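Chemist: Okay, here's the structure, questions in a sec.
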């Protein structure tokens with residue numbers, strides 16, 4: 001009896017070791033194929049591999065460095081739950097043998113932000129390219145759009161959170177949570193995920209696609225920051241962004257319905273939860289597009305189909321696009337100059353004095369602090385509290401912090417664009 005028990009234990013240990021070894025080998029081969037398929041876009045490091053008896057595969061400290069970005073995306077833990085050991089082995093051996101239901105969780109993903117996230121060679125030199133739609137103006141220059149440097153100056157030094165991709169009988173669901181910035185979810189109803197060599201497809205395709213956006217208060221912060229940088233009140237800045245959005249659509253031969261324009265403006269300035277059900281078969285992209293009222297090609301143009309949209313739980317009707325003649329206006333040289341309101345003097349860069357009580361709004365900016373003894377300290381504003389003002393100055397490739405007591409500060413000036421006084 002003792003020999004039989006010992007033999008059973010030995011066989012169980014051998015089976016467990018064989019299972020762990022097979023999972024490790026198949027996972028390593030799968031990650032190697034994924035690394036090769038992504039080699040044109042960046043470098044992938046798989047990290048460590050472990051597995052569980054319940055059909056679980058865990059990868060820790062995975063890292064992907066895109067060739068286009070200066071910072072790398074890191075994932076603390078990738079957890080694949082296949083449901084059973086056999087289903088896990090089959091899925092790793094052949095991507096077409098994925099089980100009917102599985103779940104992939106990415107815990108602790110993080111992308112650090114930099115003032116210049118794109119590499120020097122990643123530029124758009126096509127002067128005829130359509131105007132961007134969803135990148136709002138964020139500076140006194142009309143060509144200056146919201147970028148990673150603006151997010152850093154807003155106090156957002158990284159994008160981080162958790163994500164989950166789940167396959168079920170109803171379809172494929174992706175949920176991404178971004179810390180302090182809301183998140184989004186996408187549900188492809190009736191679809192199944194298929195992994196081919198170097199590609200990820202939905203086979204069969206989705207019957208409907210539902211997208212939910214939650215901004216977590218981010219849009220209000222963007223509006224306040226970009227309006228301040230542009231030098232306009234928030235309402236005037238929103239008008240400027242909506243004009244850019246309308247012109248971007250017109251350059252693509254499209255025109256937004258009044259409800260779509262109103263919805264975008266509301267989302268831009270207030271944020272909230274926006275839920276959209278898209279038709280995967282509809283053009284651009286999933287939004288109903290009809291011909292203009294004057295077009296003879298669409299006799300039912302007066303009653304177009306619209307998108308199923310809800311904003312903060314309330315239904316929004318009549319959201320659609322219309323076909324129009326593409327508009328590509330000739331841009332005069334004056335339009336490339338910094339954006340100004342009529343009657344304003346030219347915008348220049350220089351020192352602008354701010355109230356000491358407003359110093360906390362300028363963290364990350366270059367400042368000049370004048371002390372009561374007449375000494376000036378210039379550098380990046382890093383901290384402001386009731387007792388101290390701290391400025392970081394570059395020294396030998398690094399930074400040295402200079403804390404100063406509030407009572408010793410006579411004046412604070414910020415280096416930024418402002419209005420030059422007209423002669």
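The values are calculated or read from the model by the stated rules, or taken from the named source; none is laboratory data. Bear in mind the structure is a predicted one, so any value in this text is a computation, not a measurement. Here the Cβ is made from the backbone with ideal geometry for all residues, glycine too, and neighbour counts use every protein chain on show.
Chemist: Inspect all residues belonging to region 59-79 and state whether any of them is surrounded by fewer than 14 Cβ atoms within 10 Å (Cβ to Cβ), out of contact with any strand residue (DSSP E or B) (no Cβ under 9 Å at 6 or more places or on another chain) and either free of Cβ contacts under 8 Å to residues at least 60 places away in the same chain or in a loop (DSSP other than H, G, I, E, B) (or both).
Modeler: Checked region 59-79: no residue is surrounded by fewer than 14 Cβ atoms within 10 Å (Cβ to Cβ), out of contact with any strand residue (DSSP E or B) (no Cβ under 9 Å at 6 or more places or on another chain) and either free of Cβ contacts under 8 Å to residues at least 60 places away in the same chain or in a loop (DSSP other than H, G, I, E, B) (or both).
Chemist: Moving on to the next point. May I ask you to verify whether residue 265 is under 21 Å from the mean Cα position of the chain (by Cα) and either free of Cβ contacts under 8 Å to residues at least 40 places away in the same chain or surrounded by fewer than 16 Cβ atoms within 10 Å (Cβ to Cβ) (or both)?
Modeler: On the way: under 21 Å from the mean Cα position of the chain (by Cα): yes; either free of Cβ contacts under 8 Å to residues at least 40 places away in the same chain or surrounded by fewer than 16 Cβ atoms within 10 Å (Cβ to Cβ) (or both): yes.
So residue 265 fits the description; yes.
Chemist: Another question, if that's okay. What is the residue count in region 165-195 for residues that are at negative phi, under 12 Å from the mean Cα position of the chain (by Cα) and surrounded by 18 or more Cβ atoms within 10 Å (Cβ to Cβ)?
Modeler: 2
Chemist: If you don't mind, there's one more thing I want to ask. Does any residue of region 85-106 turn out to be surrounded by 18 or more Cβ atoms within 10 Å (Cβ to Cβ) and more than 24 Å from residue 19 (Cβ to Cβ)?
Modeler: yes
Chemist: Among the residues of region 101-127, count how many are touching a strand residue (DSSP E or B) at 6+ places or on another chain (Cβ under 8 Å), assigned to a loop (DSSP other than H, G, I, E, B) and at pLDDT below 75.
Modeler: First, pick out the residues of region 101-127 that are touching a strand residue (DSSP E or B) at 6+ places or on another chain (Cβ under 8 Å): 101-113, 117-119.
After this cut, where a residue has to be assigned to a loop (DSSP other than H, G, I, E, B) as well, the list is 101, 113, 117, 119.
Still in the list and also at pLDDT below 75: 119.
Within region 101-127, residues that are touching a strand residue (DSSP E or B) at 6+ places or on another chain (Cβ under 8 Å), assigned to a loop (DSSP other than H, G, I, E, B) and at pLDDT below 75 number 1.
Chemist: Within region 73-88, is there a residue that is at positive phi and modelled with pLDDT of 90 or more?
Modeler: Of the residues in region 73-88, the ones at positive phi are 83.
With the extra rule that they be modelled with pLDDT of 90 or more, the set shrinks to none.
Looking for residues that are at positive phi and modelled with pLDDT of 90 or more, one finds none in region 73-88, hence no.
Every residue, every condition in (1) part of a helix (DSSP H, G or I); (2) more than 27 Å from residue 318 (Cα to Cα), yes or no:
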| site | (1), (2) |
| --- | --- |
| 174 | no, yes |
| 184 | no, no |
| 204 | no, yes |
| 219 | yes, no |
| 227 | yes, yes |
| 239 | yes, no |
| 261 | yes, no |
